[in-house]
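Read the figures in this text as sums done on the coordinates, not as results from a lab. None of the values given here were measured: they were computed from a predicted structure. Cβ sites come from the backbone with ideal geometry, for glycine too, and all protein chains shown count toward neighbours.
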Amino acid sequence: RDLSSQQMQIIEQLDDDIDEIVAPNLESLEAFSDQKFHFVNKLHAPNVGNLGQFPFISVGQLVLTNLKRIEEDSFTCFYNLQHIELPNAEGSIESSFHECVSMQTAVIPKIVKISHSFKKCYDLTYLEADSLVAIDDSFGDEYQSSKHLFVEIQVDTSKNKICQDF
């Protein structure tokens, strides 16, 4: 379900930034186009299946249980995103999660391929991808060329998890 026009009017009348949204019945984020949503820190909307334009660029923690597919170029420049859970997203990730410089953990267990993604995610130390079978041009050169500055990401094939190499 989407928010009613009355619910959206109430939200639009708020003068302060919104820190957290918990919306267990919400199915779409298309109505959230206002600038005030740029500063939401936590979003828990387990039934969202449609992201729309997704204005939540400042979100730090994101749980979207019902999202089935990650569109190309999604989640780019989410500078404050530290943790994301997309447990039912399937298929491939293409050109997404760029410049999520604060991202530390990502849980995407049903993703099978990561391609051209997770560039400039300097703080990423844990990526759970139980179904992962292929990684193509992802995680950026910074992980291979600057070991003293950046974490090197490696795949633990026994568990199909990408972990920090100490």
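Structural remarks
- Converting phi to 3J(HN,Hα) with the Karplus coefficients 6.51, -1.76 and 1.60 and the offset θ = phi - 60°, the range 18-29 yields 9, 7, 9, 10, 10, 9, x, 9, 6, 10, 9, 9 Hz in sequence order, with x at every glycine or proline.
- Here the Karplus relation 6.51 cos²θ - 1.76 cosθ + 1.60, evaluated at θ = phi - 60°, turns the backbone of the range 81-87 into coupling constants of 5, 9, 9, 9, 10, 10, x Hz, with x for every Gly and Pro.
- Listed values for the range 43-50 are Karplus-derived 3J(HN,Hα) couplings in whole Hz (6.51 cos²θ - 1.76 cosθ + 1.60, θ = phi - 60°), namely 10, 10, 9, x, 9, 5, x, 10, and x replaces Gly and Pro.
- Cα gyration tensor shape for the range 91-133, rounded if a/c is under 1.5, else prolate or oblate: oblate
- Qualifying GluC sites (Glu not before Pro) in the range 63-96, DSSP loop, other Cβ atoms within 10 Å at most 15: Glu71, Glu72, Glu90
- Subtracting the Cα-Cα distance of Val107 and Asn25 from their residue separation scaled by 0.36 nm leaves 27.3 nm.
- Under 5 Å, built H, 5+ apart or other chain: amide partners of Glu85: Leu62, Val63, Leu64, Val107
- Between Asn88 and Ser58, the C-beta separation translates, for a Förster distance of 35 Å, into a calculated FRET efficiency of about 0.90.
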